[in-house]
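This is the structure I want to talk about, given as C-alpha cells.
The values are calculated or read from the model by the stated rules, or taken from the named source; none is laboratory data. Please read all numbers here as calculations on a predicted model, not as lab measurements. Here Cβ is always computed from backbone atoms with ideal geometry, including for glycine, and neighbour counts include all displayed protein chains. Areas reflect the complete protein model, heavy atoms only, side chains present, ligands, DNA and RNA absent. Shrake-Rupley method; radii C 1.70, N 1.55, O 1.52, S 1.80 Å.
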Amino acid sequence: MDVYLGVTLLCAILAICIFMLISRSLSVDTTFANGLPWADLRDEVFKTTRASLRQLISCTQVLQEAYTKFSKKGQPFVVSDFSFQPQILLPQDYIKWLTTQSDTVLSVWPVRSKRRALGAMMSTVDHKTTIAFMDKIVGRFLTRNLDKVQADVSEEMGASVDCAMGMDEKNWHEVNLMQTFKDIGDRTGVRALFGLTLCRDQHFLRVLTHFKTLMGIGILLSGQLPPIIRPIVGLLLILPFRICKARVKKVLTPIVKQRMHEVACEQDDATMRNESQDFLTQSVRVIMKDKEIAHQSAEYVADQFLVLSFATLASTSLVASNLFLDIISSGPSLDAYERLRSEAASVFKSEGDWADPTALKKLVLTDSAIRESIRRSSIQTRGLLRAVVSPDGVTLPNGTHVPQGTWLGVPVQAVHMDGDLYDKPYEYNPFRFAVMRSESNVPSHEKVDATDISDTFLGWSYGRYACPGRWFAVQNLKLMVAYITLNYEIQPIAKRPESIVFGDANVPSMSACIKVRRRRRAQG
C-alpha cells in the first residue's frame, strides 16, 4: 500500500510538472532573442518545451550541431534551456570580449546564485563573500604554497590508492571506477585541506561524502529545473542537506577553533612549521593577519571550507575518473599507460622525490595526458555563463542588442571539439600537448601546461574567474597517475563508456568498472 501511494504521488507530481511545462511553453517570452537563430527549435507543438527537454538530456549533440551551424560562422545562437532562463551562446572568437566586460555589464553572481544554487543550498553563506574568500586564500596564497603539502598529499595518495585498489599481486579484481577515485580523491584532498587526523577519520569522511552528494544533487537539479519545480526539489533536499552539513560542522568547527587558538599563540610563522602545514592552518594564519576578515568566527571559516571542500573534492574525482578512462581506452599503438609509467619511474627514483616540487615539473607526458583528458572529456557542456545586469542591456560584437536578464555563455565542449582548433578533436591523444610543447613553431606565450588557460582551452574556465584551485588539482592528478602506474596494472578497455549528460553537466559513467592488480616490481 505504501508503495502504491508513493507511486501515485510521484505520478501526480510528474503530471503537474508536465502541465506546468506545457503551460509555460505557451507563454515563453522570446523577444530577448532579437532575431537570433535557435538551437534545435523545430516546427512542432509545444516546440520550446520539447526543445528544452531535448537539450536537457542530449545537450552534447544539440550544442555541437548548433556550434557547427552557427558559431563556426560567427553567429550567436539561442538555447531553449529547461530552466526557462533566456540564454544565448556565443562563438569562440567572442570569448575574450565576454570575459573582459565589466561586472556592471555582465556578472557571474546571478549565475552562481541560481545555476550553482549556492544561495539555496548554503543559505548561511553569502556567495560573493565566499568567492572573494576563496580567491584571496586559494588564488593568492595557497597556490603559491603547494610545496608545503606535497609530502603529505603524496603520502596519503599511496595509502589511499593501496586501500582502494588492494595489494593482491596475483589476481585481477574489479572496482567501480567512480567510487575508487572518489575515495582516493577524498582522502588526499582532506589530508591537504584539514590534515592527517580528519583524513583518517571514517566518520568525518562518511558525513562529508553525504554532504557533497546532496550538495551536488541540489546544484545539478535546482539550477537546471524550471522555477515552478525547484521548490519541490528544495523541500526534498534541504532537510537532509542541513542535517549532513550540521554533522560535518560538528566535527570541523572544533578543529578550526583549535587551529585559530594555536596560530594566535604562535610567536612567529615558523613555530608550527613541523606541526601542520595543511591548507586550513595556512589559511587561518592569513585570516588572522588580514584586517578585513580577522574578526570572523570559526563557524564562518568552517562554512567557507565546506564550500571549498565540495568544489575541490567533487571536481577532482570526476576529472580523475575521466582521465583514467581516457588512458586505458586509448589506442594500443599509443602505449599510453606504459609510457606514463616509464616517465614516473624516471622521475621518482627515491622516497624523497615524492616530496620534491621540481619532480612534478618533469612529468611532461603526464601533464599532457591530464590536459588532453580535460579537453576531450570536459565535465561541462557549456560555461563562462554571465548575466546581463546593465539596465540598458548589452550589444554583442555583431551588433545584436541583448536585454537585461539574459544569460550569455559559450558551448565549452563544442569549442574543444572544433577541428580548426585541434587536429582529430574527437580522439584522445594523451601526448598532444607534449608534442606541441616541443614544436618550434608554437609561440612562446602560448603555454600548454595542464593548468594554463586560453580562449581555446576552457576546462578551467577563462579570464579573471578561472578556477583558482587548478594548480592543486593538477598536483593531485600527477601524483595519482605516477603512483598508480608505478604500482598497479589496469586492464585496457576496448570502448570508453559513454558519459552521462544532464544539461550543463557531463560526467563519467557511474557504473563503469575497471580491473586492477598490484604490480610486481623490483624494489630499489
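Ignoring ligands, DNA and RNA, please state the percent of accessible area on the stretch 395-524 from carbon and sulfur, probe 1.4 Å. It would help to have the intermediate numbers written out before the result.
Values: 2990 of 5910 Å².
Ligands and nucleic acids excluded, carbon and sulfur reach 50 percent.
Show me 494-502, 159-167 ranked by packing, highest mean number of other Cβ atoms within 10 Å first. Intermediate results must be reported in sequence, preceding the final value.
Numbers: 494-502: 13.6, 159-167: 17.2.
Listed from highest to lowest mean packing, they are 159-167, 494-502.
Here's another thing I want to ask about it. Based on the Cβ-Cβ distance of Thr197 and Asp353, what FRET efficiency does E = 1/(1 + (r/R0)^6) give at R0 = 30 Å, to the nearest 0.05?
Values: r = 26 Å, r/R0 = 0.88.
Between Thr197 and Asp353 the formula returns 0.70.
At a 10 angstrom cut-off on C-beta neighbours, averaged per residue, how do the peptides 328-334, 385-391 rank from highest to lowest? The partial results should precede the final answer.
Numbers: 328-334: 13.7, 385-391: 19.6.
By packing density, highest mean first, the sequence is 385-391, 328-334.
How high is the FRET efficiency between Lys47 and Asp103 when r is their beta carbon distance and R₀ equals 35 Å, given to the nearest 0.05?
Numbers: r = 35 Å, r/R0 = 1.00.
About 0.50, to the nearest 0.05.
If you count only protein heavy atoms and use a 1.4 Å probe, how large is the accessible surface of Leu193, to the nearest 10 Å²?
Approximately 0 Å² for this residue.
Pull out the extension gain between Ala159 and Gln258, defined as 0.36 nm times the separation in residues minus the alpha carbon to alpha carbon distance; nm, one decimal.
Residue separation times 0.36 nm, minus the Cα-Cα distance, leaves 33.0 nm.
Need one number: nm distance between label points at Ser438 and Ile57, each 7 Å from Cα along Cα→Cβ, rounded to one decimal.
Calculated label separation equals 4.6 nm.
If you don't mind, there's one more thing I want to ask. Can you tell me the length gained on complete extension of the stretch Thr456 to Glu174, counting 0.36 nm per residue apart and subtracting the Cα distance?
Values: separation 282, 0.36 × 282 = 101.52 nm, distance 3.71 nm.
Gain in length upon complete extension: 97.8 nm.
How far apart, in nm, are the 7 Å Cα→Cβ label points at Ser509 and Asn398?
If labels sit at Ser509 and Asn398, their model points lie 3.8 nm apart.
Cross-link list Lys182/Lys249; Lys349/Lys478; Lys69/Lys114: which exceed 19 angstrom alpha carbon to alpha carbon?
Values: Lys182/Lys249 21 Å; Lys349/Lys478 16 Å; Lys69/Lys114 29 Å.
Checking Cα-Cα distances, Lys182/Lys249; Lys69/Lys114 exceed 19 Å.
State the extension gain, in nm to one decimal, for the chain segment bounded by Lys495 and Leu421, taking 0.36 nm per residue of separation less the distance between their alpha-carbons.
On the way: separation 74, 0.36 × 74 = 26.64 nm, distance 2.50 nm.
Here the segment from Lys495 to Leu421 would lengthen by 24.1 nm.
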